[in-house]
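Down below is the structure, laid out as structure tokens.
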Amino acid sequence: MHQTSLSRLRSAIARVSAARPLGRVAALGPGTVRVTGLAAAACLGDRVSIPGAGPVGGAGALGGEIVAVGRDTALVLPDGRADGIRLGGPVELLGPATLSPDMSWIGRIIDPFGNALDGKPIFQGTTPRAFRAPPPPAAERRGLGPRLATGTTAFDTLLPLVRGQRIGLFAGSGVGKSSLLAKFARGVQADVVVIALIGERRREGGEFVRHTLGNTGM
């Protein structure tokens with residue numbers, strides 16, 4: 001077995017817990033689930049898994065995030081519709097949300113939790129990273145770097161960008177924001193480009209990948 005595969009396997013085994021706290025569904029509200037039995041162990045932002053409440057006929061499990069903790073109960077915000085959740089059902093506490101990026105993710109389409117959305121198997125990296133990691137100290141942050149070639153003439157001549165710079169693109173619908181992002185992805189002077197589509201409809205996400213970004217951008 002390849003050394004990289006062994007490292008991934010060791011990392012996956014190290015993240016397996018022999019036992020996890022288990023709670024029960026106590027109440028269901030509009031978009032929220034109240035759980036008993038986890039208040040003593042749960043923290044804000046922890047992830048939970050609700051077995052038997054998956055999106056396909058109740059199969060699988062539905063994930064969620066703890067958004068409030070009381071003396072006896074914890075409030076969970078499910079990741080999706082709560083149609084399959086029942087009173088008294090089990091709720092498993094998974095702990096803080098982490099992400100384990102891997103070089104094999106390049107050219108892939110994944111969700112915020114590192115699960116593949118393109119129907120193919122995906123490997124998890126060897127180093128879990130926290131979702132809410134603290135920023136680097138202000139005094140230790142690097143300054144802006146040299147000019148960054150974007151592959152777009154208008155930016156490279158009239159609106160030059162530099163390494164470490166942040167910019168904002170603001171425009172109405174259908175005027176080319178996604179097309180400009182795709183041009184950056186294909187031509188920017190960078191080793192890896194990560195594009196996050198936040199709040200986009202599923203139809204628009206698929207259209208962006210297949211047509212706007214295309215095989216060259218992937």
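Every number in this text was worked out from the coordinates using simple rules, so none of it is lab data. Values in this document were obtained by computation on a predicted structure and should not be read as measured data. Don't worry about glycine lacking a Cβ; one is built from the backbone with ideal geometry, like all the others, and counts go over all protein chains shown.
Of the listed values (i) 0.96; (ii) 1.03; (iii) 0.93, identify the label whose number matches Rg/Rh (Cα atoms, Kirkwood Rh) calculated from this model. So the structure-derived entry is (ii). With the Cα gyration tensor of the range 129-218 giving a ≥ b ≥ c as the square roots of its eigenvalues, does the rule (a/c under 1.5 for rounded; else a/b larger than b/c for prolate; else oblate) give rounded, prolate or oblate? It comes out oblate by the Cα gyration axes. Ranked by the mean number of other Cβ atoms within 10 Å of their residues, highest first, the peptides 196-203, 92-99 fall in the order 92-99, 196-203. Taking the longest Cα principal axis of the chain as reference, the axis of helix 177-187 is set at about 70 degrees. Candidates Gly95, Ser7, Gly114 compared by Cα position along the dipole of the chain: farthest toward the positive end lies Ser7, with charges placed on Cβ. Using the average count of surrounding beta-carbon atoms within 10 Å as a protection proxy, the listed peptides 154-167, 178-191 rank, highest first, as 178-191, 154-167. Against the chain, whose longest principal axis comes from its Cα atoms, helix 3-14 is set at around 40 degrees.
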